[in-house]
Amino acid sequence: MPNSNYDQDHLTTLVRQHALQFGDFTLASGKKASFYLDCRLVTLHPQGANQIALGMLQRLSEGVFGDFPDAIGGMSIGADPVTAACVMLAGQRDIDLRGFMVRKESKQHGMGKQVEGPVAAGMRCVVVEDVVTTGGSAIQAIDAVEKMGMQVIGVMAVLDRLDGGRDAIAARGFELVSLLSLADLDLA
């Protein structure tokens, strides 16, 4: 039976064991780095997905952004497993939390949507990310959901690389809450 309590130490261990790689990397932001955090190796891991969902729902229940949101989601593909884990755990706890995915651009067929999911204008939402570096993906998601009429109340991430993302998101008017940062991994 899985642990039903968030355990930051366990999540930190999972990130170190599965997501952290050393070498020469170019990040999505274009910056060079001597290590890479492929958080999909944790967000798609059974224990990782569980700990991430437990941690995010705990923080949301504590009122980190005020009232509990109506929906949670972010840019595909990094935010998709985070969203799914949170929505699934919320459903198991009889919490009405909807999920959504943001495409890089609107579909050119069908309904032409950029934001997919059982969400609607007027809903209060939290944008989620796996890793925040410069904040660009989170801001792109914020722009898309605000354009469709949802109200963003904050941004949550599994990991903050402490590389300007928090400030960029704050400059856009939102708080970033992360479960972990590079400091937790002794990399800052």
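The values are calculated or read from the model by the stated rules, or taken from the named source; none is laboratory data. On a predicted model such as this, the values are computed, not experimentally measured, just so you know. Neighbour counts run over all protein chains shown; Cβ positions are idealised from the backbone, glycine included. The protein model used for the area step is the full one, side chains on, heavy atoms only, and it has no ligands, DNA or RNA in it. Shrake-Rupley method; radii C 1.70, N 1.55, O 1.52, S 1.80 Å.
The residues of region 123-166 that are acidic (Asp, Glu) and under 15 Å from Ala183 (Cα atoms), listed by number, are Asp160, Asp163. When the residues of region 15-40 are filtered to those that are open to solvent by less than 70 Å² (accessible area, probe 1.4 Å) and farther than 19 Å from Leu180 by Cβ, the one that is modelled with the highest pLDDT is Gly23.
This table checks each residue for (1) over 17 Å from Gly117 (Cα atoms); (2) in a helix (DSSP H, G or I); (3) touching a residue at least 12 places away in the same chain (Cβ under 8 Å); (4) out of contact with any strand residue (DSSP E or B) (no Cβ under 6 Å at 6 or more places or on another chain).
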residue	(1), (2), (3), (4)
Val42	yes, yes, yes, yes
Gln47	yes, yes, yes, yes
Ala53	yes, yes, yes, yes
Leu60	yes, yes, yes, yes
Gly63	yes, no, no, yes
Phe68	yes, no, yes, yes
Gly73	no, no, yes, no
Thr83	no, yes, yes, no
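Residues that are open to solvent by 30 Å² or more (accessible area, probe 1.4 Å), of a type outside the set (A, V, I, L, M, F, W, C) and over 19 Å from Arg103 (Cα atoms) within region 135-169 comprise Asp163, Gly164, Arg166, Asp167, listed in sequence order. Here is the figure for region 3-14: residues that are touching a residue at least 24 places away in the same chain (Cβ under 8 Å) and either surrounded by 11 or more Cβ atoms within 10 Å (Cβ to Cβ) or closer than 20 Å to Arg161 by Cβ (or both) total 8. Residue count for region 149-163, restricted to those that are farther than 23 Å from Leu57 by Cα and at pLDDT 95 or above: 1.
Give the residues of region 130-154 that are in contact (Cβ under 8 Å) with a residue 40 or more places away in the chain, in a loop (DSSP other than H, G, I, E, B) and aliphatic (A, V, I, L, M), sorted by residue number. Matches in region 130-154: Met150 only.
One residue stands out among those in region 155-187 that are in a loop (DSSP other than H, G, I, E, B) and of a type in the set (A, V, I, L, M, F, W, C): the one that is farthest from Ala85 (Cα to Cα), which is Leu187.
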